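Below: the structure, in structure tokens.
Since every read-out is calculated from the coordinates, none of them should be taken as a lab result. None of these values were measured; they are calculated from a predicted model. Cβ sites come from the backbone with ideal geometry, for glycine too, and all protein chains shown count toward neighbours.
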Amino acid sequence: MLGMVTIGVYGFDGESFLRRLRQADVRLLLDVRQRRGVRGPEYAWANSRRLQAALAHAGIAYEHHLELAPTTELRRLQYAEDDRRGVGKRSRRELAVEYARRYTTEILDRADLMPIVSALPGGGTAALLCVERDAEACHRSLIAQRLTERHHVTVEHLRPL
């Protein structure tokens, strides 16, 4: 059975992020962010160019899968729900029901996940990357669920230690 992990940016620094990837034997990082930058100096390491350079130095391949990123409209829908609930993006614990429904029908149902399944390394594993600390608060959990249901991929969600 094929396996993979998911990981977010929040809660890590550059060093602990790479250490966590090494611990999970990640050989391929699949970035599913729309905008590959993170606000705040503490997360400058996660901006696309810096992250790709650090991954290359660590021997981890990188792919950006923009087709799996939420649209700006969908992100705004989630932010509105966060505001309604009084939670910040960095403290969100779950996705809005409407966001999950629309992401699934507008993006996931139209996406061909076979290239991702085919790219899973024979040795080591692959990681889906977005920003949220907890997978349940991020669209990567929906991608992971689909990979499990349709392609029998086992998924572990990595968090900061």
Looking at residue 29 and the list (1) exposed (fewer than 12 other Cβ atoms within 10 Å of the Cβ); (2) under 18 Å from residue 127 (Cα atoms); (3) aliphatic (A, V, I, L, M), which single condition is not satisfied? (1)
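Every residue in region 83-136 that is of a type in the set (S, T, N, Q) and part of a helix (DSSP H, G or I), please.
91, 104, 105, 118
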For region 15-38, check the following and say yes or no: at least one residue is over 17 Å from residue 129 (Cβ atoms) and in a loop (DSSP other than H, G, I, E, B). no
Any hit, region 4-11, residues being under 14 Å from the mean Cα position of the chain (by Cα), buried (at least 18 other Cβ atoms within 10 Å of the Cβ), among the polar types (S, T, N, Q) and under 22 Å from residue 92 (Cα atoms): yes
Only one of 79, 62 that is outside any loop (DSSP other than H, G, I, E, B) and over 17 Å from the mean Cα position of the chain (by Cα): 79
Looking only at residues in region 131-147 that are under 15 Å from residue 93 (Cβ atoms) and touching a strand residue (DSSP E or B) at 6+ places or on another chain (Cβ under 9 Å), which one is surrounded by the fewest Cβ atoms within 10 Å (Cβ to Cβ)? 136
Being small (Gly, Ala, Ser) and at positive phi is the filter here; which residues of region 116-156 pass it? 124
Specify the residue that is surrounded by the most Cβ atoms within 10 Å (Cβ to Cβ); the eligible residues are those in region 148-161 that are in contact (Cβ under 8 Å) with a residue 60 or more places away in the chain and more than 13 Å from the chain's Cα centre (by Cα). 153
